[in-house]
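Beneath this line is the structure, given in structure tokens, with notes to follow.
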Amino acid sequence: MLRELAIPNAKLKIQNLRSKLRAYWALIKSPQTGLLLITGLAGYMSARCPVTTWRTLLVLAGSLFLAISGSTVLNMVYDRDIDARMERTARRPLPSGRIDAREALLVGLALSWLGVGWAFALSPLYGIVVFAGLFFDVVVYTIWLKRRTPWSIIWGGVSGGMPVLAGRVLGTGQIDQVGLLLSLAVLLWIPTHIMTFGLKHASDYRRAGVPVFPNTHGEWTTRLIIGLSTGAAVVVMLLATWQIGLAWGYLRTAIGLGAMLLAIAMTSMLRRSPRLNFVLFKMASLYMLGSMALIMAGV
């Protein structure tokens with residue numbers, strides 16, 4: 001009899017654990033975390049480090065994953081009130097009540113501490129860069145500026161550029177020109193990725209009281225910034241890949257990817273179209289993913 005009762009209880013515990021893990025997987029924004037993680041791996045591999053093995057890539061990925069996930073969880077904890085006011089985010093784990101805020105805070109702090117601590121154990125300079133990314137993301141961008149000014153996107157971009165710089169630093173042992181160019185390319189790419197999203201959900205952000213460019217500076221100015229930033233990001237990324245020393249075949253593919261993204265951005269700037277804006281949003285992620293894949297494949 002006791003055994004029969006224990007089996008359903010065990011199944012229920014497993015189901016609850018799976019549900020909790022799915023909620024946390026959503027909480028770390030796994031697609032965003034995955035993309036940033038790939039930039040970190042590409043930055044490391046761009047250094048052509050002679051001791052690159054699956055073990056070195058694993059420790060790099062592990063430390064970055066923990067730090068990025070931790071900062072994302074902390075951001076979600078802090079932003080749970082505005083998430084609850086937006087239709088797009090109201091069903092996230094924290095505003096929907098699937099995860100307790102205190103528990104998420106402890107998990108975010110633990111992940112951040114483990115990720116940054118692991119990074120410092122691998123290399124002090126690498127640890128500094130990883131910590132800088134977390135600090136700019138959580139403290140400067142989310143806590144200090146996000147609710148005050150749309151220009152907070154710059155500091156969000158700085159944070160977004162830290163994983164690729166961190167990977168390069170771990171591979172070379174220094175902050176060099178290539179690492180800075182890769183980081184700058186990500187920073188300049190951020191408006192294409194974020195502002196297109198802001199255009200689509202401008203009313204949601206207005207309802208939540210979060211200043212975004214479409215609401216503070218108008219749609220035309222937003223599209224202009226997207227176009228200019230996209231052009232700059234493509235140029236800087238090509239300069240970085242050229243300095244890395246990729247073969248002409250890989251460079252030609254990178255040029256093609258950049259031209260496609262820029263063409264869509266310019267068309268979107270000149271012609272208002274929600275559908276085109278959505279295509280640009282998706283293409284921006286594919287462009288960054290493709291550029292990092294080319295770096296990893298071409299070194």
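The values are calculated or read from the model by the stated rules, or taken from the named source; none is laboratory data. Everything numeric in this text was worked out from a predicted model, so none of it was measured. When we count neighbours, we look across all protein chains shown, and the Cβ atoms used for this are built from the backbone with ideal geometry, even at glycine.
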Leading residue by the ranking (farthest from Asp83 (Cα to Cα)) among those in segment 109-134 that are buried (at least 18 other Cβ atoms within 10 Å of the Cβ) and not aliphatic (A, V, I, L, M): Tyr126
Name the single residue, out of those in segment 26-57 being in a loop (DSSP other than H, G, I, E, B) and over 15 Å from Ala166 (Cα atoms), that is nearest to the chain's Cα centre (by Cα). Lys29
Is at least one residue of segment 285-298 closer than 18 Å to Gly156 by Cβ, outside any helix (DSSP H, G or I) and within 20 Å of the chain's Cα centre (by Cα)? no
Hey, among the residues in segment 259-299 that are of a type outside the set (A, V, I, L, M) and in contact with a Phe, Trp or Tyr (Cβ under 7 Å, 6 or more places away or on another chain), which one's nearest to Gly40 (Cα to Cα)? Gly298
Of the conditions (1) part of a helix (DSSP H, G or I); (2) in contact with an Asp or Glu (Cβ under 9 Å, 6 or more places away or on another chain), Val210 satisfies every one except a single condition; which number is it? (1)
Inspect all residues belonging to segment 228-244 and state whether any of them is part of a helix (DSSP H, G or I) and over 29 Å from Leu41 (Cα atoms). no
So which residues in segment 58-73 are of a type outside the set (S, T, N, Q), over 14 Å from the mean Cα position of the chain (by Cα) and buried (at least 22 other Cβ atoms within 10 Å of the Cβ)? Leu60
Pick out the one residue from Gly290, Gly258, Gly245 that is small (Gly, Ala, Ser) and modelled with pLDDT under 95. Gly245
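Table: residues versus (1) of a type outside the set (Lys, Arg); (2) closer than 29 Å to Leu182 by Cα; (3) at pLDDT 95 or above.
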{"residue": "Asn16", "(1), (2), (3)": "yes, no, no"}
{"residue": "Leu21", "(1), (2), (3)": "yes, no, no"}
{"residue": "Trp25", "(1), (2), (3)": "yes, yes, no"}
{"residue": "Lys29", "(1), (2), (3)": "no, yes, no"}
{"residue": "Thr33", "(1), (2), (3)": "yes, yes, yes"}
{"residue": "Thr53", "(1), (2), (3)": "yes, yes, no"}
{"residue": "Leu66", "(1), (2), (3)": "yes, yes, yes"}
{"residue": "Gly70", "(1), (2), (3)": "yes, yes, yes"}
{"residue": "Met76", "(1), (2), (3)": "yes, yes, yes"}
Selection within segment 279-299 - crowded, with 18+ Cβ neighbours inside 10 Å and free of Cβ contacts under 8 Å to residues at least 24 places away in the same chain: Met283
Which of the residues that make up segment 161-212 are of a type in the set (Ser, Thr, Tyr) and either in contact (Cβ under 8 Å) with a residue 12 or more places away in the chain or closer than 16 Å to Tyr287 by Cα (or both)? Thr172, Ser183, Thr192, Thr196, Tyr205
Residue selected from segment 261-278 under the condition more than 19 Å from the chain's Cα centre (by Cα) and surrounded by 15 or more Cβ atoms within 10 Å (Cβ to Cβ), by the criterion modelled with the lowest pLDDT: Met269
